[in-house]
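I have placed the structure first, in the form of structure tokens, so that the comments after it can refer back to it.
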There are 2 protein chains.
Amino acid sequence: MALSPKLRRLAEALAELPGIGPLSAQRIAFHLLSDDEHAEAHRLAKELEDAAASVRHCARCNTLCESEICDTCSDETREKDKLCIVETPADQLVIEGSHSYRGLYYVLGGRLSPVENRGPEQLGFSRLIERIKEPEVKEVILATSFTAEGDATAHYIALAVSRHRPDIRLTRLARGIPTGIELEYTDVATVAHAILGRRDAESR
Amino acid sequence: MALSPKLRRLAEALAELPGIGPLSAQRIAFHLLSDDEHAEAHRLAKELEDAAASVRHCARCNTLCESEICDTCSDETREKDKLCIVETPADQLVIEGSHSYRGLYYVLGGRLSPVENRGPEQLGFSRLIERIKEPEVKEVILATSFTAEGDATAHYIALAVSRHRPDIRLTRLARGIPTGIELEYTDVATVAHAILGRRDAESR
């Protein structure tokens, strides 16, 4: 039994979404069309079109929002001297969820990837450089992923920051053992970073 | 930082899909809207509307298809004396993928669930009974899930079959140890079923 053509096309479109494999995509396609009126499919299509009609990139930090400038950039209580550079709005949400940062953001919308033909121009680095040149920025926090591509992206930005704003403090998120994980099950690269980056114990 | 209203509504709609949690839903929403033209969101919305316009339930087996009668029911080479009852088209796909069954199907579109207020009427059991009454059916294979609700659904159908077609052979999928799994890591209920359902070894 093969899927009917339209069902297969829908499943293929769903399978391109991050974290959804081909079998999940089929299951979701069936789910969306299982009621007689296809109410779920129509509703999701409507939410997609509604969002597509309203959502755009913040002119300042490049995150996704529905106004010229996003709520975070407009928030006067934010610490304007700190600029945290993340790859995606999802990364930004995680940092916000940690309630440990009150500065501003710049969302790259990806990372440098020679394989996927994504260079500094595609990521709009010139806009980022203009942002970094603003004198109120005193610290740039590089919060790209700890992957080869994320590290390369951070390195590239660090070089640009050093060239245009040598006075700026440049930091990278700490690497180490995640909370709630037993040492025994931690990979050696993470353990190495945790040892090299060890800190004085607070109890002494 | 909260998601903007339209983004949040899209993420909420995505989070209702099977197997997608709230965080995955946010990630997918960002992904769909990350390009400037929102091409991905428009494309998925179009596939949804296209599928909703064409896909319907097979008049005979109730699976999802794009014609009055699905390809499987129309296939003259199928063994018409066997009727396999599954919960969803996804279950049907898995059985088809096993290449071990050449009979016909009936897709319930769910299982009995008092909690979700889904009884025999909601599942259209009267249509199923009519199908089972057709004299060409000689065996009904109950392939609902091995969960409390799936077992209850199978039990309910078994009673109905016994009442309307006492001559019919009624079978249920075998329970036992899955392929590729070590005994040590198998749950005790599964092991109990495997022992009670043991078969003569083929080597003797």
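The values are calculated or read from the model by the stated rules, or taken from the named source; none is laboratory data. As the structure is a prediction and not an experimental result, all values here were calculated from the model. No Cβ is skipped: glycine too gets one built from the backbone with ideal geometry, and neighbour counts run over all protein chains shown. Note: areas computed on protein heavy atoms with side chains; ligands, DNA, RNA excluded. Shrake-Rupley method; radii C 1.70, N 1.55, O 1.52, S 1.80 Å.
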Checklist entry - For region A:132-201, what is the relative contact order in percent, using Cα pairs closer than 8 Å and at least 6 residues apart in sequence? => result 30
Checklist outcome for this item: Given backbone amide H placed at 1.01 Å from N, residues whose amide H is under 5 Å from that of B:Arg172, ignoring those fewer than 5 places away on the same chain, are B:Leu142
Checklist entry - In whole angstrom, how far apart do the alpha carbon centroids of region B:142-204 and region B:1-28 sit? => result 38
Next on the checklist: Can you give me the orientation-averaged projected area of the convex hull built on the Cα atoms of region B:152-193, in nm²?
Outcome noted: 3.9
Checklist entry - Under a 5 Å amide H to amide H cut-off, with H placed in plane at 1.01 Å, what residues pair with B:Tyr106 once short-range neighbours are removed? => result B:Cys84, B:Ile85, B:Val86
Item to check | Gyration tensor over alpha-carbon atoms, the protein assembly as shown, equivalent ellipsoid semi-axes in Å | outcome: 53, 27, 18
Checklist outcome for this item: Classified through the alpha carbon gyration tensor (a ≥ b ≥ c as square roots of its eigenvalues; rounded if a/c is under 1.5, else prolate when a/b is larger than b/c, else oblate), region B:5-54 comes out oblate
Checklist entry - Protein chains only, probe 1.4 Å: how do B:Arg175, B:Arg131 rank by accessible area, largest first? => result B:Arg175, B:Arg131
Checklist outcome for this item: Summing -39500 (n - 2.57) over every DSSP H run of at least 4 residues in chain B and dividing by its residue count gives a helix-only mean residue ellipticity at 222 nm, to the nearest 500 deg cm²/dmol, of -13000 deg cm²/dmol
Checklist entry - In whole Hz, what ³J(HN,Hα) sequence does region B:130-142 give by Karplus (6.51, -1.76, 1.60; θ = phi - 60°), x for Gly and Pro? => result 4, 5, 5, 5, 4, x, 5, 6, 10, 9, 10, 9, 8
Checklist entry - In the neighborhood of A:Leu83, defined by Cβ-to-Cβ distances under 15 Å, what is the net charge if each Lys or Arg adds +1 and each Asp or Glu adds -1? => result +1
Checklist entry - Shape call for region B:88-131 from the C-alpha gyration tensor, a ≥ b ≥ c root eigenvalues: rounded (a/c under 1.5), prolate (a/b greater than b/c) or oblate? => result oblate
Checklist entry - According to the Cα gyration tensor, what semi-axes, each the square root of 5 times an eigenvalue, does the equivalent ellipsoid of region B:58-200 have, listed from largest to smallest in whole Å? => result 26, 18, 16
Checklist entry - Please state the relative contact order of chain A as a whole percent: Cα pairs under 8 Å, 6+ residues apart? => result 12
Next on the checklist: Tell me the relative contact order for region A:5-54 as a rounded percent, counting alpha carbon contacts under 8 Å between residues six or more apart.
Outcome noted: 24
Checklist entry - What is the interface area between chains A and B, defined as buried accessible area summed over both chains with a 1.4 Å probe, reported in Å² to the nearest 100? => result 4800
Next on the checklist: I want the local charge near B:His31. Using Cβ-Cβ distances under 10 Å, sum +1 for each Lys or Arg and -1 for each Asp or Glu among the other residues.
Outcome noted: -2
Checklist entry - Carbon and sulfur together cover what percent of the accessible area of region A:1-129 at a 1.4 Å probe radius? => result 52
Checklist outcome for this item: Excluding residues fewer than 8 positions from A:Lys138 in its own chain, the lysines with Cα under 28 Å of it are A:Lys80, A:Lys82
Checklist entry - With a sphere of radius 12 Å drawn around the Cβ of B:Glu68, what net charge do the other residues whose Cβ falls strictly inside it have (Lys, Arg +1; Asp, Glu -1)? => result 0
Checklist entry - What residue among B:Asp91, B:Asp50, B:Asp35 has the largest mean-square fluctuation in a Gaussian network model of chain B, using Cα springs under 10 Å? => result B:Asp35
